[in-house]
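This report concerns only the one structure given below.
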Amino acid sequence: MMETNHEIETHECKKTIMAVHDAMDVLNGKWKISIVASLCFNKKRYSDILREVTGISGKMLSRELKDMEMNELIKRTVLDTQPVTVEYELTEYGQKLKSVIEHLATWGTEHRKKIIGK
């Protein structure tokens, strides 16, 4: 028996929703997308990210960075300097989020203009 267009659409919709849930499980919370956005341009030190991601606490940033490293979105490099410097950058896998960030930023700018006219 052949599937109807409605059944195919329902199946595709469910697959899409499941994929979005999977992505949101990795990017969950208030801060991860902002951290990815901060690292889209170049590698940064912890203090740079803390300064750029307005409102995040140091403790929360540490937790989010560890989680993102575990999910292979970012790479942590300890440099042999005095004092020790730690840099964070997107992995090749994490770089795949750049287009998502660009689209979110574009939508966010359009939404801000639409709602508050700025």
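The values are calculated or read from the model by the stated rules, or taken from the named source; none is laboratory data. If you're wondering where the values come from, they're calculated on a predicted model, not measured in any experiment. Cβ coordinates were reconstructed from backbone atoms using ideal geometry, including for glycine residues, and neighbour counts include every protein chain displayed. Areas reflect the complete protein model, heavy atoms only, side chains present, ligands, DNA and RNA absent. Shrake-Rupley method; radii C 1.70, N 1.55, O 1.52, S 1.80 Å.
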Task: Share of carbon and sulfur in the accessible heavy-atom surface of the stretch 1-52 [1.4 Å probe, %] - done: 60
Open item on the list: Please compute the modelled spin-label separation between SER57 and TYR93, points set 7 Å along Cα→Cβ, answer in nm with one decimal.
Closed with: 2.9
Open item on the list: If you fit an axis through the alpha-carbon atoms of helix 98-116 and take the longest principal axis of the Cα set of the chain, what angle between them do you get, 0 to 90°, nearest 10?
Closed with: 80
Open item on the list: Helix-only estimate, please: 222 nm mean residue ellipticity of the chain, summing -39500 (n - 2.57) across DSSP H runs of length 4 or more and dividing by its residues, to the nearest 500.
Closed with: -19500 deg cm²/dmol
TODO: Kindly report, to the nearest 10 Å², the accessible surface of VAL20 as traced by a 1.4 Å probe over protein heavy atoms only.
DONE: 80
Open item on the list: With a 1.4 Å probe and all protein chains kept in place, how much accessible area does MET70 have, in Å² rounded to the nearest 10?
Closed with: 130
Task: Amide H contacts under 5 Å for THR91, placed H, 5+ residues apart - done: ILE74, LYS75
- [ ] Taking all protein chains together and a probe of 1.4 Å, list TYR46, TYR93, TYR88 from the most accessible to the least accessible.
- [x] TYR93, TYR46, TYR88
- [ ] For SER57, tell me the accessible area in Å² from a 1.4 Å probe, rounded to the nearest 10.
- [x] 60
- [ ] Could you tell me the largest-minus-smallest coordinate of the C-alpha atoms of the chain on each of the three principal axes, in descending order and whole angstroms?
- [x] 70, 41, 22
Task: Two-decimal log10 I(q)/I(0) for the stretch 65-118, as the Debye equation yields it once each C-alpha is a single scatterer, q = 0.24, 0.25, 0.31 Å⁻¹ - done: -0.87, -0.90, -1.07
- [ ] Only loop residues by DSSP count here, and only those with at most 11 other Cβ atoms within 10 Å; note down the trypsin sites (Lys or Arg not before Pro) in the stretch 32-116 that meet that.
- [x] LYS96
- [ ] Can you pull the one-decimal nm distance between simple spin-label points at VAL26 and ILE8, each 7 Å off the Cα toward Cβ?
- [x] 2.9
Open item on the list: Could you compute Rg(Cα) / (2.2 N^0.38 Å) for the stretch 8-68, with N its residue count?
Closed with: 1.44
Task: Accessible-area order (highest first, 1.4 angstrom probe) of the listed residues ASP48, ASP22 - done: ASP22, ASP48
Task: Accessible area expressed per residue, the chain, with surrounding protein chains retained (probe 1.4 Å, Å²) - done: 77
- [ ] Compare ILE17, ILE33, ILE49 by solvent-accessible area with a 1.4 Å probe and give them largest first, with all protein chains kept in place.
- [x] ILE17, ILE33, ILE49
